[in-house]
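For reference, the structure discussed in these notes is given below.
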Amino acid sequence: MKTRNTLLAAAAGMALAAAPLAFGIDADYGKLARGRYLVHAGDCAACHTDDGGQPFAGGRAIPTPFGTIYSTNITPDKETGIGGWTDEQFYAAMHEGVRPNGQHLYPAFPYPWFTKLTRDDVLAIKAYLDSMRPVKQEAKPPGMPWPLTVRESVAGWNMLFFKPGTFQPNAGKSPQWNRGAYLVEGLGHCGACHSPKNVLGGVKKKDRFEGGQGEGWFATSLVGNDRAGLGSWSKEEIVEYLKTGANDRARAMGPMAEVVHNSTMYLSREDLEAVATYLKDLPPEKSIERNASLPSSDDERMKRGRLVYVDQCAGCHMENGQGIAHVFPAIKGNTGVHAQDPTSLARLVLEGAPSAKTPAKPEGFAMPAFGWKLGNEDIADVLTYIRASWGNQAAPVAASKVADARKQVANMGSG
């Protein structure tokens, strides 16, 4: 995870820039350029490029609650990639989650969101992928128990949780709002991480965008709550964050740093403004504020947490929690600090993480790892302290939650 942000982005970015010139000379350059832009918007590189692997050749491990799935090769190799796929077969995969042989794709491939893409956009993506350098790389079998290895079981999942169909504009909303909805609900598949799931992995549609698990991290709420969502963010702050990886409120780290590296920093300002318009129109959810308004009242625990904070954290984030503008984000009022699930906070403290590195903000500041010197109780105490200080109002963090995150980090490292 720590090296993927820079290495993967560099490799994939070089491939995205060079492929049309090297292999698509006979193709419609306008269609290729459009396809390249859409591949960026869909963040295809994040899943389909493994650490140290060839761009878009697959093989990246994608952890799910049901086991590990490995991404497939989407280069135009005819034997191991999609080089032999027709336009109709590619469209069926994107819209219905079905491979040319009729086999169902696991919904870790976000066809429940890609189904909203227009046919023209799908075929532009295929044209661009077809212009890339073919790479021969066989798919890895999924690491899941029976009967989940039986692909026919996905048909039942689809009946419960998947509704195919191209995006239909809302006539009561502006063209900018509809463009934002198309990107967020479709190609950007933001809800794949930022929405809670049920026990079968289906999105809880009534609670969509209220935050959820993604690759072992908790993706924060995108709805209009002031503390745990984007209610207090301006549209310009959302645009700046997605374009540069940072604003005065936050820095993109963990999986979100990958999203910025591989996807959102390439989007036009017009599209980012459309995304911000749509996100700012998501209504707040009352349960988020209720769950986030229960800070610790344990004085002894707060004292222990403050000692850890002053000793380990205040050098960067300042004793008043306000951080250093344009360098270290403030903890005071931070949306991530108020997340319903503190898993991502625990992982940041345990293993550290680089921030997004973009042309606009190339400094690439990193959060150092503290898991080697702080125990689970120490980390739980300091997280409890910051979630209840400087006006923050979020629930305490249990040491058992930190222990679970530590185990998760260890398992990923051993994998």
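Details
- Scanning segment 104-127 for residues that are in contact with a Leu (Cβ under 6 Å, 6 or more places away or on another chain) and open to solvent by 50 Å² or more (accessible area, probe 1.4 Å) turns up nothing.
- Members of segment 255-297 that are at pLDDT below 95, hydroxyl-bearing (Ser, Thr, Tyr) and surrounded by fewer than 17 Cβ atoms within 10 Å (Cβ to Cβ): SER287, SER293, SER297
- Pair list, Cβ < 6 Å and 6+ apart or interchain, from segment 306-318 residues that are in a helix (DSSP H, G or I) to residues that are hydrophobic (A, V, I, L, M, F, W, C) and surrounded by 17 or more Cβ atoms within 10 Å (Cβ to Cβ): VAL308/VAL382; TYR309/VAL382; CYS316/PHE328; HIS317/PHE328; HIS317/ILE331
- Candidate set: segment 75-103, residues that are of a type in the set (A, V, I, L, M, F, W, C) and open to solvent by 20 Å² or more (accessible area, probe 1.4 Å); chosen: the one nearest to THR115 (Cα to Cα): ALA92
- Of residues in segment 62-84 being of a type in the set (Gly, Ala, Ser) and in contact with an Asp or Glu (Cβ under 8 Å, 6 or more places away or on another chain), the one nearest to ALA192 (Cα to Cα): SER71
- Check on GLU300, open to solvent by less than 40 Å² (accessible area, probe 1.4 Å) and charged (D, E, K, R): no
- Options ALA346, ALA353: the member that is modelled with pLDDT of 95 or more and under 17 Å from MET256 (Cβ atoms): ALA346
- In the condition set (1) surrounded by fewer than 18 Cβ atoms within 10 Å (Cβ to Cβ); (2) aliphatic (A, V, I, L, M); (3) closer than 29 Å to LEU267 by Cβ; (4) touching a strand residue (DSSP E or B) at 6+ places or on another chain (Cβ under 8 Å), ALA171 is compliant with all but (4).
- Taken over segment 332-364, the criterion of being open to solvent by less than 30 Å² (accessible area, probe 1.4 Å) and among the small types (Gly, Ala, Ser) is satisfied by GLY336, ALA339, SER344, ALA346, GLY352, ALA353, SER355, ALA356, GLY364.
- Test: residue in segment 333-343 that is of a type in the set (D, E, K, R) and closer than 20 Å to GLY254 by Cα: yes
Matching residues to (1) over 21 Å from the mean Cα position of the chain (by Cα); (2) over 23 Å from LYS243 (Cα atoms); (3) free of Cβ contacts under 8 Å to residues at least 40 places away in the same chain; (4) in a loop (DSSP other than H, G, I, E, B):
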{"residue": "ASN320", "(1), (2), (3), (4)": "yes, yes, no, yes"}
{"residue": "ALA330", "(1), (2), (3), (4)": "yes, no, no, yes"}
{"residue": "GLY333", "(1), (2), (3), (4)": "yes, no, no, yes"}
{"residue": "VAL337", "(1), (2), (3), (4)": "no, no, no, no"}
{"residue": "ASP341", "(1), (2), (3), (4)": "no, yes, no, yes"}
{"residue": "SER344", "(1), (2), (3), (4)": "no, no, no, no"}
{"residue": "LEU350", "(1), (2), (3), (4)": "no, yes, no, no"}
{"residue": "PRO354", "(1), (2), (3), (4)": "no, no, no, no"}
{"residue": "THR358", "(1), (2), (3), (4)": "no, no, no, yes"}
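- Among the numbered conditions (1) out of contact with any strand residue (DSSP E or B) (no Cβ under 7 Å at 6 or more places or on another chain); (2) at pLDDT below 95; (3) open to solvent by less than 30 Å² (accessible area, probe 1.4 Å), the only one that GLY315 does not meet is (3).
- Check on GLU285, within 28 Å of MET412 (Cα to Cα) and of a type in the set (D, E, K, R): no
- Neighbours by Cβ (under 6 Å, 6+ apart or cross-chain): first from segment 194-219, under 19 Å from ALA346 (Cα atoms) and modelled with pLDDT of 90 or more; second among the aromatic types (Phe, Trp, Tyr) and not in a strand (DSSP E or B): HIS194/PHE209
- Residues satisfying the stated conditions in segment 82-97, i.e. in contact with a strand residue (DSSP E or B) (Cβ under 8 Å, 6 or more places away or on another chain) and either in a loop (DSSP other than H, G, I, E, B) or on the phi > 0 side of the Ramachandran plot (or both): GLY97
- ILE379 satisfies every condition listed in (1) buried (at least 19 other Cβ atoms within 10 Å of the Cβ); (2) modelled with pLDDT under 95; (3) part of a helix (DSSP H, G or I) except (2).
- Any hit, segment 387-401, residues being surrounded by 15 or more Cβ atoms within 10 Å (Cβ to Cβ), over 22 Å from GLU300 (Cα atoms), aliphatic (A, V, I, L, M) and in contact with an Asp or Glu (Cβ under 9 Å, 6 or more places away or on another chain): no
The values are calculated or read from the model by the stated rules, or taken from the named source; none is laboratory data. If you're wondering where the values come from, they're calculated on a predicted model, not measured in any experiment. Here Cβ is always computed from backbone atoms with ideal geometry, including for glycine, and neighbour counts include all displayed protein chains. Each accessible area value is taken on the protein alone, full model and side chains, heavy atoms only, with ligands, DNA and RNA left out. Shrake-Rupley method; radii C 1.70, N 1.55, O 1.52, S 1.80 Å.
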